[in-house]
Every structure is written in C-alpha cells, then in structure tokens.
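Here's the structure we're looking at; comments come further down.
The values are calculated or read from the model by the stated rules, or taken from the named source; none is laboratory data. Note that this is a predicted model, so its numbers are computed, not measured. Cβ coordinates were reconstructed from backbone atoms using ideal geometry, including for glycine residues, and neighbour counts include every protein chain displayed.
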C-alpha cells in the first residue's frame, strides 16, 4: 500500500515537473558537435560567421543545435516555435549562428540543460567573428601548429 501511495504522488506531481521553468534567454545558436568535441578548435572557433556554414551542415545532418547563453551555459534546443524537428528543421537552419533572445521552458536533468523555445523574441543577427579576423583556418583550430 505504501508503494501505491508513492506512485500516486509521483503521478500527481508529474504534470508540474513536465512544465519546466519559464525563462527568457539571450545567446547564440550553436553547432553542438563542433562546440563540445573540439574538432574545429576552441570555443571561439565555432561561433559567429567563421563557423556559420559548418553549423548549417551539421544541423541539416541531424546534429542537435544548442543555445550558448550569455553566461556560458549551453542549452540543448528540443524545439523552436512548434517546429517538432529538434535538428535539421527549417527554423534551426535559418537561425544557425544567430544571436537570439528566446522565451520558453528550461528543463535540467543529470547536469544537462534543455530548452523548448516557445518564441524567438528577437533575432540580433550573426556575430561578426569571421574568416577575415581568423584566416581560412583559425590558428587555434590546428591541433599542433608547430609540427
């Protein structure tokens, strides 16, 4: 009987937990593979216009997009504005590398942050970190420039 009550309480609390925390966050839509793997260099190498084309290709290929908040927190984007494709959707492709402000719901579990974006409040455009600034291959993207 004790387990039955525990199960009933858990089921009653589930809708409240599933709602997430309402948030408004500003940050850059990032390519999570290149950001976390380091395959293209450090965090600066995978931001802005310098990484825009790769970010589009990764998103189109099914790599989940994320939002790199101004405070450095990375949120995995599960959906944007009702677009049920978490990666590769038209909305994500159009917003790749853009600095945006969003409102939505934040979920956290096991140290990971997830974001369901209800609305893109403002699109601030693409950060101007480009190949003119960094060269065709940024120096920090080369694993061992000496050898």
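Annotation: residue 51 fulfils all but one of (1) under 15 Å from residue 104 (Cα atoms); (2) touching a strand residue (DSSP E or B) at 6+ places or on another chain (Cβ under 7 Å); the unmet one is (1). Residue 71 fulfils the conditions (1) surrounded by 14 or more Cβ atoms within 10 Å (Cβ to Cβ); (2) modelled with pLDDT of 85 or more; (3) not in a helix (DSSP H, G or I) except for a single criterion, (1).
Of the residues making up the stretch 48-74, those that are in contact with a helix residue (DSSP H, G or I) (Cβ under 8 Å, 6 or more places away or on another chain) and over 22 Å from residue 90 (Cβ atoms) are 50, 74.
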